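Values quoted throughout were computed directly from the atomic coordinates according to the rules given, and no laboratory measurement underlies them. Everything numeric in this text was worked out from a predicted model, so none of it was measured. All Cβ positions, glycine included, derive from the backbone under ideal geometry; neighbour counts span all protein chains shown.
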């Protein structure tokens, strides 16, 4: 993007800078996500004072935040308008709609996540990963727990993709359910490649499927099956021999129980994107009321 600056003009350098960048955005000369020049580069290239350039960038940032706020408000108004439009289409009278909306607004806001998972060991692992990413409490239950409906009070239900269908059937109609996405296998293995030919690698977990999955993935990545040492953390003396390995691959629960080993490699099950979604949801329910 071409820039021009006139010194000594009645229009300040800061205003010239801000105006040209805004016009660049509106005209398409600056694409969304395109990196702007640094303060130092602009100051050196056009012989500007760095403080002037910094002030211009701060003004651009404030304008961006104001625009984001306005865009969010407009989107919210459109959602509300769509709600009223849909109610009219369904023949719902306005007093009924207002009453139902009032009931929803007066409901207790969610104050914890509820992980619904029938496998007890997997449930512990996933709950631990969620607890490490959010500040809201994390509670758990199985599909057949008699108190499931009671546990939903004030909860944000979450489930793994493979269990979503079964969990939805157990939930009351209309209950919102967040689907937890699992971590990409290629990205998880990237730091291990190329696979060492002779290094002993331990695999430890209380969840049997973790042992199978981790072994399968490491072999697929080129690890020698004879160099993989599997340990079921539910068994006595399960940590035997792990001190002699180059590293131990384990889940978030087993990592807390491991004795001192050369290297602990924590293999997370949940993706960064799904943890970010949980944090966003947490901020949403905690956001203060603003006028």
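So how do 81-94, 246-259 stack up, highest first, on mean other-Cβ count within 10 Å?
Values: 81-94: 10.8, 246-259: 19.4.
For the peptides 81-94, 246-259, the packing ranking is 246-259, 81-94.
Once the Cα atoms are used to define both axes, helix 120-133 deviates from the longest principal axis of the chain by about 30 degrees. A simple spin-label model places pseudo-atoms 7 Å from Cα toward Cβ; at residue 83 and residue 198 they are separated by 6.8 nm. May I ask for the angle, rounded to the nearest 10°, between helix 50-90 and the longest principal axis of the chain, with both axes built from Cα atoms and the value confined to 0 to 90°? That helix lies at roughly 70 degrees to the long axis. The long axis of helix 94-106 is offset from the longest Cα principal axis of the chain by roughly 60 degrees. For percent of Cα pairs over 28 Å apart, the candidate list reads [x] 29; [y] 51; [z] 62; the entry that matches the value derived from this model is [z]. Using the average count of surrounding beta-carbon atoms within 10 Å as a protection proxy, the listed peptides 166-176, 117-127 rank, highest first, as 117-127, 166-176.
For the chain, the relative contact order comes to 13 percent (Cα pairs under 8 Å, sequence separation of at least 6). Here the label points at residue 90 and residue 271, each 7 Å from Cα along the C-beta direction, are separated by 3.1 nm in the simple model. Of interest is the spacing of the C-alpha centroids, which for the stretch 123-165 and the stretch 229-278 amounts to 22 Å. Bridge orientation summary for the chain: considering DSSP beta bridges with both residues in this region, about 5 percent are antiparallel.
Let's test the formula: R0 of 22 Å, r as the Cβ-Cβ distance of residue 230 and residue 120. What FRET efficiency results, to the nearest 0.05? Given R0 = 22 Å and the Cβ-Cβ separation, E is 0.65.
Peptides 202-213, 234-245 ranked from most to least packed give 202-213, 234-245, packing being the mean of other C-beta atoms within 10 angstrom over each peptide's residues.
Divided by 2.2 N^0.38 Å, where N counts the residues, the Cα radius of gyration of the stretch 222-291 comes to 1.70.
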